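The block underneath contains the structure these notes are about, expressed in structure tokens.
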Amino acid sequence: MECAMWLDARVPFRDGPAPDVRGLAFRAFCLTGAKVGAEVRSVEESIAGHLPFAQLRRFRRAGDPRRVLVVAPLAGGFPILMRDLVAGLLRHSSEVAVTDWPDPRHVPARSGFTFEDNCLETARMMRACGPGVHVVGVCQGVVPALCAALLLAEQGETPASLTLLGGPVDPTCNPTHLDQVLTRGTLADFEALMERVPPPFDGAERLVFPRRRQMQAFALYLWRQGLAGEELPFMMMADQGEDPVLFPLARLCWDMMDIPAEFFLSHLEAVFRRCALAAGTLEIAGRRVRPEALTQCALLTGEAERDDISAPGQTRAAHDLCRALSRDLTRHVLVPNAGHFSLFYGKTMRDRVLPAIAQTFERGEAHS
């Protein structure tokens, strides 16, 4: 109860969208239907509530009462990059919500946002989804999803299941080129890359890692993928998403936003430089994050064999941390001949990842 009151006070959750944040800060998913077996059921998209920084975007259809929260990454792309995954999850759940992170360029500068805030707001949205929620963390969203689940587990509010897809639980396991770039040099080198948002944007004077640098980094990544014959360029050309005409993967990838400087730097320091979660030294708002607190949650980790962002081993490390879970509650899936984006987009996701997630939902419900 103490943690519940503390979290409610620290991260107040208000119904509906934030009144002082313009729509430009977010992207509507425009999901109007979900395939359930042989039929298509109508989907209602709404904003369930907002926090000091983010908002909770919710999708509902008729059917079973299962609820899912997707913890989207805050890594340059808008959460709409998770659209294909959300559409897939709606086949197995009547309600799917997404942690909707805004473009800070359009958010008043008084709303600061650090890695700690990322974890706290994730925990608050997890609680807002209600008891028995199933949580799916993706890419950068894996660590805050796990941390939020651990913080709530301390108070008996464990989610029914926790799925972690392609994220840096322990980036020292099989480091990638990205990990090497992020740990090379000093924090001051990265601080020099930050820029102030100019007027007349609502976030004027806020320090950010700017969108243009995100796009430069992504262009280099796409070039490296093409040279190596990896999957992303081919996924963009032969798009197998749910709606490749109106929402092609290329459009979703190139639609980028700024990242709050304080988040970028604190996340870099805690996750990649100190590896604090894996080292057992991570604290959120003065509370140590304890993996042993997770005892009754079904845990699935998913990795892609050819993932060059979070390589195999980095996400599976969650099983070594959450040792209090019995073996019948845990599972790991390695998707062969697949890269990072296949974990949450396209045919491989629907054929290989979604069935494992659905089985994890059932396993978690059976033990709740």
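What does the C-alpha gyration tensor say about the overall shape of segment 158-205? Classify as rounded when a/c is under 1.5, otherwise prolate if a/b is larger than b/c, or oblate. Taking the square roots of the gyration eigenvalues as a ≥ b ≥ c, segment 158-205 is oblate. Distance between the C-alpha centres of segment 154-218 and segment 41-83: 21 Å, rounded to the whole angstrom. Under a model in which nothing but the beta-carbon of Lys, Arg (+1) and Asp, Glu (-1) is charged, segment 210-368 shows a dipole of about 400 debye around its Cα centre.
Beta bridges per DSSP, both residues in the chain: antiparallel share near 50 percent.
Among THR348, THR315, the order by Cβ neighbours within 10 angstrom, fewest to most, reads THR348, THR315.
Backbone geometry of segment 52-63 corresponds, through the Karplus equation with coefficients 6.51, -1.76 and 1.60 at θ = phi - 60°, to 3J(HN,Hα) couplings of x, 10, 9, 9, 9, 8, 10, 10, 10, 9, 6, x Hz, x marking Gly and Pro. Counting neighbouring Cβ atoms within 10 Å and putting the fewest first, the residues THR163, THR158, THR172 line up as THR172, THR158, THR163.
Over segment 166-285, the alpha carbon radius of gyration divided by the compact-protein estimate 2.2 N^0.38 Å works out to 1.25. The Cα center of segment 112-137 and the Cα center of segment 290-368 differ in position by 19 Å. Over the alpha-carbon set of segment 295-343, divide Rg by the Kirkwood Rh and report the Rg/Rh ratio to two decimals. Rg divided by Rh gives 1.02. Restricting segment 309-350 to trypsin sites (Lys or Arg not before Pro) that sit in a DSSP loop and have at most 12 other Cβ atoms within 10 Å of their own Cβ leaves ARG323. Rounded to the nearest 5, the antiparallel percentage of DSSP beta bridges internal to segment 10-87 is 100%. Each other residue within a Cβ distance under 9 Å of PHE115 adds +1 if Lys or Arg and -1 if Asp or Glu, for a net charge of -4. Cα gyration tensor of the chain, axes a ≥ b ≥ c as square roots of the eigenvalues: rounded (a/c below 1.5), prolate (a/b > b/c) or oblate? Since a/c stays below 1.5, the shape of the chain is classed as rounded. Footprinting exposure proxy ranking of MET237, MET194, MET82, fewest other C-beta atoms within 10 angstrom first, gives MET237, MET194, MET82.
Among beta bridges identified by DSSP and lying wholly in segment 45-170, the antiparallel ones come to about 45 percent. Under the shape rule built on the C-alpha gyration tensor, where the axes satisfy a ≥ b ≥ c, segment 20-178 is rounded, since a/c falls short of 1.5. For segment 277-323, the fraction of C-alpha pairs more than 16 angstrom apart is 49%.
Every number here is computed from the coordinates shown, using simple stated rules; none is lab data. These numbers were taken from a predicted model, which means no experiment stands behind them. Cβ sites come from the backbone with ideal geometry, for glycine too, and all protein chains shown count toward neighbours.
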